[in-house]
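See structure below.
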Amino acid sequence: MLALNRLLGSALGKRGLLGSGLALASGSGGAARCSVPATTTSSRGKSTSKEAAGGGGAEDEFYQFRDQKIPYIQDLHIRDPSEVTSLPCFRVLDDRGKLISGCEKFELEKDLSKDMYRTMVRLQTLDTLFYEAQRQGRFSFYMTCFGEEATVIGSAAALETADHVFAQYREHGLLLWRGQTFQEFADQCYGNNRDFGKGRQMPIHYGRKDLNVHTISSPLTTQLPQAAGAAYANKLNGYDGITVAYFGEGAASEGDFHAAMNFASTLACPVLFFCRNNGWAISTPSDEQYTGDGIAGRGSAYGMPALRVDGMDAIAMYHATKTAREYIMEHKSPVLIEAMSYRSSHHSTSDDSSRYREISEMQAWKARDPVARFQIWLEDKGWWSDEEETEVRGEARKEVMKVLDAAERENKLPLREMVTDVYDEVPQHLEKQYQEIKKFAQENKHLFPNNVPIE
Ligand SMILES: Cc1ncc(C[n+]2csc(CCOP(=O)(O)OP(=O)(O)O)c2C)c(N)n1
């Protein structure tokens, strides 16, 4: 039994458990991975001694398996995963937005806090009005991030603009934090001739080279192996920054998640895997999505430090991301964060979530609204007033209405843009297709929006 305790102890002790402060387990080890004496290993994965090659008799305490030191036990039973304690969840504010006693050291400074809060309010306003505009048929599709404002803005604020971001689609708040204007959001959703993506992407599939935000891909989880690869390339090039991959807990069920985690940990890629666990993947609740200790619990299996955080607590999100970033920069190896929150909105404008979840559930989560929680803390500090609240919301509302009108008035790109940019010169077969479409469009102008130049 002593040996079993030791086994569990070593598994737990290496998992970045949070005690009074916020700390990540150091080193690359996950459960049961220990460093070996220098004399037995010449370099990682290249063991030289007989013992390291897998030897060791019954009298030994540990099974030395290459660079892994595994305790022996003689108590045979199938270990129930529930014997391993869940990773606890780091938070600083309680559900009502009150600072938890002893967390004073985590309080953010005034200007940063106010900037974060203002951006959260602007994000809420952007989402509310863009959602309504889509419902009025002004553009084809939209997704909001209601309920996850603290997750996105708290983490964005803790990153540097130099950090490369591979997002899923519900993290547009990061672009807002990095300086994308309301007008630029609207131009992308309308796919007009000012859209950086030239109208070729679905709405909300933003991308900004100058802000180091890679273009969103609709197929889930493709961004994770891409992020691991980009992080590895940046490491080889000595790039001064990390790579971040945002994804939902639903996306974490794709094979790409596991491939990315394994590549990142074995190649020691400086990447932050940032899971937004909002409880739902369209109509699939998270308890049908996985068993075990959620997404963060998978970190130790990949030898990767992991943190679980209250994603509705902006201050906790900021510190968790900052701590993870510092760890990645120092160790040049990956970290996994799981931000626990709730998707308060429908999945997208193509969804009606009242068909598969209870109104009472949505109301219960509304009571923990991350924006209201952060506002209460700011007010408690004496840093936010009703006047400022009215002013920021009013200004944001006016601005969004204006940019929607402006984006709508702007021309779409000429039809010809459909076939440009893929090849250096438009190949014959595409030219032929384009000429056919152009002829059809000229003969059937009533089928095309009148702001698409047919040229
Ligand atoms: C490979 C792939 N499978 C399925 C889909 C359809 N799909 C789009 S979003 C989504 C749910 C994703 O949920 P989650 O990752 O939890 O993110 P959330 O929408 O909750 O933020 C699904 C199944 C897709 N886009 N790509």
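Assuming 0.36 nm per residue, please report the length gained on full extension of the stretch Ser283 to Ile78 beyond their Cα-Cα distance. Intermediate results must be reported in sequence, preceding the final value.
Details: separation 205, 0.36 × 205 = 73.80 nm, distance 3.37 nm.
Between Ser283 and Ile78, full extension yields 70.4 nm more.
Let me check I've understood the local charge: for Glu388, count other residues with C-beta under 12 angstrom from its C-beta, Lys and Arg +1, Asp and Glu -1. What total comes out?
Values: positive: Lys114, Arg118, Arg393; negative: Glu379, Asp386, Glu387, Glu389, Glu391, Glu395.
Summing Lys and Arg as +1 and Asp and Glu as -1 gives -3.
Would you work out if the stretch 84-223 is rounded, prolate or oblate? Take a ≥ b ≥ c from the square roots of the eigenvalues of the alpha-carbon gyration tensor; rounded if a/c is under 1.5, else prolate when a/b is larger than b/c, oblate otherwise. Could you put the intermediate results ahead of the total?
Details: a/c = 1.93, a/b = 1.78, b/c = 1.08.
Because a/c hits 1.5 or more and a/b exceeds b/c, the stretch 84-223 counts as prolate.
What is the distance, in nm, between label points placed 7 Å from the Cα along the Cα-to-Cβ direction at Met202 and at Arg118?
Taking the simple label geometry, Met202 and Arg118 are separated by 3.3 nm.
Using packing as a proxy for protection, rank 189-196, 148-155 so that the peptide with the highest average count of other Cβ atoms within 10 Å comes first.
Working: 189-196: 20.6, 148-155: 30.8.
Most protected by this proxy first, the peptides run 148-155, 189-196.
Once label points are set 7 Å from the Cα along Cα→Cβ at both Glu455 and His429, what is their separation, rounded to one decimal in nm?
Label at Glu455, label at His429, 3.0 nm between them.
For Thr85 and Arg135, what does the FRET efficiency come to when R0 = 41 Å and r is the distance between their Cβ atoms, rounded to the nearest 0.05?
Working: r = 45 Å, r/R0 = 1.10.
Step by step, r from the Cβ atoms, then E = 0.35.
Ranking request for peptides 375-385, 269-279, 341-351: highest mean number of other beta-carbon atoms within 10 Å first, then the rest in descending order.
Working: 375-385: 16.1, 269-279: 27.5, 341-351: 19.8.
The densest-packed peptide leads the list: 269-279, 341-351, 375-385.
Starting from the Cα-Cα distance between Ser350 and Glu443, subtract it from 0.36 nm times their residue separation and give me the gain in nm to one decimal. Don't skip to the end; give the middle numbers.
Values: separation 93, 0.36 × 93 = 33.48 nm, distance 3.23 nm.
Length difference between fully extended and current span is 30.2 nm.
Given the pairs Lys105/Lys322; Lys114/Lys209; Lys322/Lys366; Lys69/Lys235; Lys412/Lys438; Lys412/Lys439, which span a C-alpha to C-alpha distance of over 22 angstrom in this model? Walk me through the numbers on the way to the answer.
Working: Lys105/Lys322 14 Å; Lys114/Lys209 27 Å; Lys322/Lys366 27 Å; Lys69/Lys235 29 Å; Lys412/Lys438 15 Å; Lys412/Lys439 18 Å.
Table pairs above 22 Å Cα-Cα are Lys114/Lys209; Lys322/Lys366; Lys69/Lys235.
What's the whole-number percent of alpha carbon pairs in the chain lying beyond 42 angstrom? Before the final figure, lay out each step's value.
Working: 25001 of 103285 pairs.
Roughly 24 percent, once rounded to a whole number.
For the stretch 91-154 and the stretch 418-453, what is the centre-to-centre distance using only Cα atoms, to the nearest Å?
42
Given the convex hull of the Cα atoms of the stretch 304-364, what is a quarter of its surface area in nm²?
Numbers: hull surface 23.1 nm².
In nm², the orientation-averaged hull projection of the stretch 304-364 is 5.8.
Can you give the extra length, in nm with one decimal, that the chain gains between Glu387 and Arg66 once fully stretched, where that is 0.36 nm per residue apart less the Cα-Cα distance? Walk me through the intermediate numbers first.
On the way: separation 321, 0.36 × 321 = 115.56 nm, distance 6.42 nm.
My answer for the length gained is 109.1 nm.
Based on the mean of other Cβ atoms within 10 Å per residue, sort peptides 304-312, 60-68, 447-455 so the most packed one is first. Numbers along the way, then the final one.
Numbers: 304-312: 28.9, 60-68: 15.6, 447-455: 12.2.
Peptide ranking by packing, descending: 304-312, 60-68, 447-455.
At 222 nm, what value in deg cm²/dmol follows for the chain if DSSP H runs of at least 4 each add -39500 (n - 2.57) and the sum is divided by all its residues, to the nearest 500?
-12000 deg cm²/dmol
Around Lys114, with a cut-off of 12 angstrom between Cβ atoms, what is the net charge of the other residues, counting Lys and Arg +1 and Asp and Glu -1?
-3
Here, each number is a calculation from the coordinates, and none is a lab measurement. Predicted, not measured: the structure shown is a model, and the values here were computed from it. Quick reminder, even Gly has a Cβ in these numbers, built from the backbone with ideal geometry, and neighbours come from all protein chains shown.
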